[in-house]
2 protein chains.
Amino acid sequence: MTAQASRSDHDPATPDIGDVEAYMQRLGQGAREAATRMRRVDTAAKNAALLAMAELLEQARGEVLDANARDLARGRESGLEAALLDRLALDDTRLDAMIDGLAQVASLPDPVGEIDGLRSRPSGIQVGQMRVPLGVIGIIYESRPNVTLEAASLCLKSGNAAILRGGSEARDSNAAIAACIRAGLARAGLPEGAVQVVATTDRAAVGRLISMPEYVDVIIPRGGKSLIERITREARVPVIKHLDGVCHVYIDASADPDKALAIAVNAKTHRYGTCNTMETLLVDAPVAEALLPTLARAYGEHGVELRGCERTRAILGDIAEASEADWHAEYLAPVLAIRVVDGIDAAMAHIERYGSRHTDAIVTEHYGLARRFLAEVDSSSVMVNASTRFADGFEYGLGAEIGISTDRLHARGPVGLEGLTTRKYVVLGDGQVRR
Amino acid sequence: MTAQASRSDHDPATPDIGDVEAYMQRLGQGAREAATRMRRVDTAAKNAALLAMAELLEQARGEVLDANARDLARGRESGLEAALLDRLALDDTRLDAMIDGLAQVASLPDPVGEIDGLRSRPSGIQVGQMRVPLGVIGIIYESRPNVTLEAASLCLKSGNAAILRGGSEARDSNAAIAACIRAGLARAGLPEGAVQVVATTDRAAVGRLISMPEYVDVIIPRGGKSLIERITREARVPVIKHLDGVCHVYIDASADPDKALAIAVNAKTHRYGTCNTMETLLVDAPVAEALLPTLARAYGEHGVELRGCERTRAILGDIAEASEADWHAEYLAPVLAIRVVDGIDAAMAHIERYGSRHTDAIVTEHYGLARRFLAEVDSSSVMVNASTRFADGFEYGLGAEIGISTDRLHARGPVGLEGLTTRKYVVLGDGQVRR
């Protein structure tokens, strides 16, 4: 692109930010300073900012929808696929949900300052752990512009400063939403560095954002596996990440057949594209012959393609053979791998080997097996007699979620406000010294 | 060294492990398998192993002391400095403490399996968070051989598998202790992969240990700052790290002078070489003239060298000027930097700029200032009217500590058994599906 073309393409929504390195450095400094101030902002001020943003967004509906229309037009022109266009699109219903979301986050309890387990020690001091913000959070996401507002509201409520980098497809929508965020912060007297939306689509901005440990404390990437893997590999700060969801339901011989049927069908067919959707069904050998044909009929009604192990095919006959790749697959589609296993140990061994440690469920009426599955399956969510589709911040009562972590340290499973905080020790004394 | 010399030097304590890469891979596989089994080991079996190790160590006192004597002789020969020789040395008193430590860890409550906050959701499911082991923990440490046992006992009690890599100075002592650990595991029927002590002093073993994410879930380095920085830089798995402790005491004008004096003296002079020792004293201007001369006399009695800002020197006269480097310094020695500041905001700004976010204390009788200091100082331990020396796992009632984390995510401050675990979600249902 020539300099001329660049100028003529210039859009007020993507201001000329000059040198990207220097720009990101300024954002970083602003966020770090804001994070220090945010530590002493009270709940009322944070809620006031959230409600102001809701009001401003309500008033700016027209501008936001216009901006979104420009993004959609550009997306169609550049041949963006239909699924991405759908994620990108805003309408009044989606705007309503965004506005409601702000009010909902305002209504959630503020986790900051909560002190757990304050207890007296023989030395006379009292020791407890106080929940505090993480500091500065960088969030990198793809096409959905509503993430801008969701991420902003959760970071703000948890007392953090946020730097948000959305996808270039959504740049005009994000800029319009960012204007509401800025105005809302100002109205509540909060520093503008508390939430900053990166105003350039230059990819170098991402590279810089993930390598400024002096300004950014943690990165949360939201998007496809390749984006997350790349960021994890290149980041010089900790990453709270969500890789794939290869989720299992294991139907034990002790299962109530009605529950087994309901859960196995719901876990696969409630939604296909979500990370908590079941991708492999494991069926205990003694009940395989009784259950599989009924299950296959139910899946057939939903148009789900089945791929089975040899024993599954011996029962169901006309289905494709599942290959090694199928056991590893996160289909995100109406496809299901089925394996007949010999009992809970074989089921858990399969999950250990092929699972992604996201969400796994057992269907059983046997108390001891339920206890074993809960204790021994090493996944971020482990369930008894419930659909894997429940692995979700709203369903768990977190109020909202910024993502689902498949990491082991810090936050595991759906990450809500608490996952955006950490705990420091507080010691209350009366002049005590160490003897 | 020729092959001949290598053979003649060969010590039964450092068996010929062959190719280091392949050896570390075997340890990793063994640990991963053991970690899976450890998830279902009950508290009684873990305690039995700890108590068996205590008994075996009691019986092996002679062998352990002989091995330690060999390490000490080798250390003296190679010109190891006195402080390191002291850390390396074992005697009956230190062995007593190690044996008692095992019994103490056995007596601690088992954190694994604890479920927090189990609550019913409108959908009918119950959701809670279950505390589970981290998995495989790699610990890299320097000369003190008692760390081998401490680390082994804490990892074991928290249900993890551990790979321990001690310093080459302590190789014979560590090998003798490792024999007790192995025998203790075997006696309690636990897998030998649950605790493995790396039996080679080859430095390539460390490089491999920190870059096997498929086998190792987290690395905890214990040692000097340069070791920790190098490992953090090179590790391909998360690191729970402890960098420096530049700790502050701020004496506010509202302080009780007796408490201020006691805390400021204790925080500096109780021990010099520890990370929770105060390195910079901040004194509020209105009380500087009244307090500093008394403090200077007390420090003088302990032989502490003072370095002050201009205003401090205007009061105390004959002390050295503190340079910019002094405000950043972790002396670990009888040296103290002193600065006169104007109130809590200036004190907190100093701590924010120069501190290491380890432990900081305020001395005050003012309720509002105490609350502000607790909320706004961003350190792993924040104290009111108590000596910074209390920042310690035993003093906090954790029972034991594997280190003090200055990280922000996961564990912050003293890390005990709980810091070696993580929490997964558990969902208890009765056939619920997502609507």
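The values are calculated or read from the model by the stated rules, or taken from the named source; none is laboratory data. A quick note: this is a predicted structure, and the numbers were derived from the prediction, not measured. Methodologically, a virtual Cβ is constructed for each residue, glycine included, from the backbone with ideal geometry; neighbour enumeration extends over all protein chains shown. Only protein heavy atoms, including side chains, enter the accessible area calculation; ligands, DNA and RNA are left aside. Shrake-Rupley method; radii C 1.70, N 1.55, O 1.52, S 1.80 Å.
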### Efficiency of FRET from Cβ geometry, A:Glu114 and A:Arg94, R₀ 35 Å, rounded to 0.05
0.60
### Query
Angle between the Cα long axis of helix A:171-187 and the longest principal axis of chain A, 0 to 90 degrees, nearest 10?
60
### Query
In what sequence, highest mean first, do A:298-310, A:186-198 appear when ranked by Cβ atoms within 10 angstrom?
A:186-198, A:298-310
### Message
I need the phi-derived Karplus couplings for the stretch B:327-332: 6.51 cos²θ - 1.76 cosθ + 1.60, θ = phi - 60°, integer Hz, Gly and Pro marked x.
### Response
5, 8, 6, 9, 5, 6
### Amide H contacts of B:Ile404 (H built 1.01 Å from N, under 5 Å, at least 5 apart or other chain)
B:Val415
### Task
Report the closest approach of any chain B C-beta to the axis of the B-to-A rotation: residue and distance, in whole angstrom.
B:His410, 2
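Quick one: compute the contact order of chain B, relative version, from alpha carbon pairs under 8 angstrom and 6+ residues apart, as a percent.
That works out to 18 percent.
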### Message
Need one value: the accessible area of A:Ser120 in square angstrom, 1.4 angstrom probe, rounded to the nearest 10.
### Response
90
### Task
Could you tell me the accessible area of A:Met38 in Å² (1.4 Å probe, neighbours in place), rounded to the nearest ten?
0
## Note on the structure
Of every hundred units of 1.4 Å-probe accessible area on chain A, the number belonging to carbon and sulfur atoms, as a percent, is 49
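State whether the stretch A:8-234 is rounded, prolate or oblate according to the following rule on the C-alpha gyration tensor (a ≥ b ≥ c being the square roots of its eigenvalues): a/c under 1.5 gives rounded; otherwise a/b larger than b/c gives prolate, and the remaining case gives oblate.
Working: a/c = 2.00, a/b = 1.56, b/c = 1.28.
Verdict is prolate for the stretch A:8-234.
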### Task
Determine ³J(HN,Hα), in whole Hz, for all residues of the stretch B:134-146 in sequence, where each value follows from phi through the Karplus function 6.51 cos²θ - 1.76 cosθ + 1.60 and θ = phi - 60°; x replaces Gly and Pro.
6, x, 10, 10, x, 10, 10, 9, 9, 5, 5, x, 5
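Highest first, please rank the peptides B:60-73, B:149-162, B:415-428, A:48-61 by the mean number of other Cβ atoms sitting within 10 Å of their residues. Numbers along the way, then the final one.
Values: B:60-73: 17.4, B:149-162: 27.8, B:415-428: 22.7, A:48-61: 20.0.
Taking the mean over residues of other Cβ atoms within 10 Å, the ranking is B:149-162, B:415-428, A:48-61, B:60-73.
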### Query
For the stretch B:247-395, rounded, prolate or oblate, judged on the Cα gyration tensor with a ≥ b ≥ c (square roots of eigenvalues), a/c < 1.5 rounded, else prolate if a/b > b/c?
rounded
### Message
Could you tell me which residue out of A:Pro111, A:Thr274, A:Ile315 lies farthest along the dipole of the protein assembly as shown toward its positive end? Charges go on the beta carbon: Lys and Arg +1, Asp and Glu -1, centred on the Cα centre.
### Response
A:Pro111
### Query
In sequence order, what are the phi-derived ³J(HN,Hα) couplings for the stretch A:380-396 according to the Karplus relation 6.51 cos²θ - 1.76 cosθ + 1.60 with θ = phi - 60°, rounded to whole Hz, with x for glycine and proline?
5, 9, 10, 10, 10, 6, 8, 6, 4, 4, 6, 6, 6, x, 5, 4, 7
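Report the net charge of residues surrounding A:Leu51, where surrounding means a beta-carbon distance below 11 angstrom and charges are Lys +1, Arg +1, Asp -1, Glu -1.
Values: positive: A:Lys46, A:Arg187; negative: A:Glu55, A:Glu58.
Spelling it out: positives minus negatives among the neighbours equals 0.
Shape verdict for the protein assembly as shown, please, from the Cα gyration tensor: rounded (a/c under 1.5), prolate (a/b greater than b/c) or oblate. Spell out each step's value before the answer.
Details: a/c = 1.91, a/b = 1.16, b/c = 1.65.
Oblate, since a/c reaches 1.5 and b/c is not below a/b.
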### Query
How far is helix B:257-269 tilted off the main Cα axis of chain B, in degrees rounded to 10, range 0 to 90?
40
### Query
Any idea of A:Ser107's accessible area? Nearest 10 Å², probe 1.4 Å.
90
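In Å², what does the accessible area per residue of the protein assembly as shown work out to with a 1.4 Å probe? Let's see the in-between values first.
Values: 34050 Å² over 870 residues.
Accessible area per residue, the protein assembly as shown: 39 Å².
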### Task
Mind pulling the angle between the C-alpha long axis of helix A:61-77 and the longest principal axis of chain A? Nearest 10 degrees, somewhere in 0 to 90.
60
### Query
Shortest first, in nm, what separates the label point of B:Glu33 from those of the same position in the other copies (7 Å along Cα→Cβ)?
5.9
### Query
Within 10 Å of each Cβ of B:26-36, how many other protein chain Cβ atoms are there on average?
1
### Query
Is there a simple number for the mean count of other chain Cβ atoms within 10 Å of the Cβ of residues in B:405-414, and what is it?
5
